[in-house]
Amino acid sequence: MDAYGSEAAVKDNTPTPSGRLDPRLDPAARPALDPAEDTDEPAFEWMQSAPAARAAEGEGAAGSAAAQPESRADRKAAEAAAAEGAGTDRNAEAGQDAATDRKTESRQPSAAGSSSMGTHYSEPLPTSALQVRPPQEEVERRNAEREQAARAKPVLPRVLQVLLAIFYPVILLVLAVRAVTSPLFLWVEYHRPGFPGDGYGFNADDRMTYGSYAVDYLSNWSGPRYLGELVNRSGEKLFKDGEVSHMADVKLVFLSAFGAGALLILISIIAIIYLRRRTPGGVRRGLFAGSIVTLVLIIGLGTLAALGWQQFFTEFHRIFFAAGSWTFALEDTLIRLFPGQFWIDAGLVIAALVLITAAVTLILTWPTRRRRGLAPARKGRKGADGEGGAEGSDMKDDAGADEAPQTGNVRPVNL
């Protein structure tokens, strides 16, 4: 038969050693392959890494050395020494590899999450911009500005308090003048004892009738004809043209004052509402300052009027009226209805009304500890050592409960 179809087999005539089974005849004699003994080590030394090569050299040296000892104890000692040497080499190589890995990680930040090679997760390094600290002078300046802004108070409440203090005396003065220019004050003046009579024929009823026309004209919207067309019992004009012209000037001053007073009252009401909602105690402080200003103003004007009433009356008219437009003869109707004593009484009533109102306001707005929101002052008594004051006092706390009694030389401390 040919070479491909021949069933002939090559015969091995090599003799089998004695005591050993022929693997061709007995399958049990064939060596078994252990998968656990199959390692991933390369077949050649040049394919191994440096640490593994050194470890192999160490193991080879340890194996050659271990082959020489005669006893089993000597062989175990040699193996242990060889293993210790190999472990030392591995630890040294591992330390060098770890150092190399740390240097690499310091140059390149690690990504989020662990990689397949087992690298650990590390937080990204902070940016350089966040690590830059401003100079100390800049830090101190910013802190100072922040503290100043925290301590600064709003400007509007302070302005409203100042305006309330300025408007208050003007409002009181306008209201007092309006109270005097009324028929009630005329009736009291004309019927009070000691008021001078008219030497030209007006009795109290005539004065009350004609004077009411003059007072009403100051507060209504009528023109000069309201007074110019009035006649007396004899049919003559009651007021001359000069008197009517002066009363028109007085009306203009009064209406301007009343309008300004109404505007100031409106602004004051708005300021009071705002301060009550936004600034506790702002209304009280504004009215307290306004009452002080009012008292100083009234006391000053009253002193000037008491020192020289005629000079004071003349200067007052020069401020508001043209020279020569407010001087009249004794027989003129305005002088007969409103003599000098009438203006003195009117000035006293105006000053009294303003003074009393300002004094009451001052008392009601006086800055006591309770109104300022402070704790009431504690009154102490002398202690056992004879010293008075806060240190040796036995008093009640804010809730009204008595403090615990003190014994010996221990003194209570007020917090």
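If you go through the stretch 331-343, how many residues are of a type in the set (A, V, I, L, M, F, W, C) and touching a residue at least 60 places away in the same chain (Cβ under 8 Å)? Spell out how you get there, then give the answer.
Within the stretch 331-343, the first condition is being of a type in the set (A, V, I, L, M, F, W, C), and the residues that meet it are 334-335, 337-338, 342-343.
From what's left, touching a residue at least 60 places away in the same chain (Cβ under 8 Å): 334, 337-338, 342.
Count: 4.
Among the residues of the stretch 185-205, which ones are surrounded by fewer than 19 Cβ atoms within 10 Å (Cβ to Cβ) and part of a helix (DSSP H, G or I)? Give the steps one after another, and end with the answer.
Taking the stretch 185-205 as the starting set, the residues that turn out to be surrounded by fewer than 19 Cβ atoms within 10 Å (Cβ to Cβ) are 185, 187-188, 191-201, 203-205.
Phe185, Trp187, Val188, His191, Ala204, Asp205, listed by residue number.
Using the structure shown, decide if Ser182 is surrounded by 13 or more Cβ atoms within 10 Å (Cβ to Cβ), in contact with a Pro (Cβ under 9 Å, 6 or more places away or on another chain) and of a type in the set (Ser, Thr, Tyr). If you could, list the steps in order and put the result at the bottom.
Working: surrounded by 13 or more Cβ atoms within 10 Å (Cβ to Cβ): yes; in contact with a Pro (Cβ under 9 Å, 6 or more places away or on another chain): no; of a type in the set (Ser, Thr, Tyr): yes.
In short, no.
Taking the stated definitions as given, is Met208 in contact with a His (Cβ under 9 Å, 6 or more places away or on another chain), surrounded by 17 or more Cβ atoms within 10 Å (Cβ to Cβ) and in a helix (DSSP H, G or I)? So Met208 passes the test. Within the stretch 253-266, is even one residue loosely packed, with under 11 Cβ neighbours inside 10 Å and in a helix (DSSP H, G or I)? Yes, the stretch 253-266 has at least one match.
If only one of Thr279, Thr314, Thr294 is modelled with pLDDT under 90, hydroxyl-bearing (Ser, Thr, Tyr) and surrounded by 12 or more Cβ atoms within 10 Å (Cβ to Cβ), which one is it? Give the steps one after another, and end with the answer.
Numbers: Thr314 fails: modelled with pLDDT under 90; Thr294 fails: modelled with pLDDT under 90.
Only one candidate passes the filter, namely Thr279.
Cβ-Cβ distances below 6 Å connect the following pairs, each with a first residue in the stretch 229-246 that is touching a residue at least 40 places away in the same chain (Cβ under 8 Å) and over 13 Å from Tyr210 (Cα atoms), a second residue that is part of a loop (DSSP other than H, G, I, E, B) and of a type in the set (Phe, Trp, Tyr), and a separation of six or more residues or different chains: His246/Trp326.
Going through (1) at pLDDT 90 or above; (2) outside the structural domain of Gly259 (by TED's automatic domain parsing) one by one, Glu147 falls short only on (1).
The values are calculated or read from the model by the stated rules, or taken from the named source; none is laboratory data. Worth saying up front: this structure is predicted, and the values here are computed from it rather than measured. As a convention, Cβ positions derive from the backbone with ideal geometry for all residues, glycine included, and neighbour counts pool all protein chains shown.
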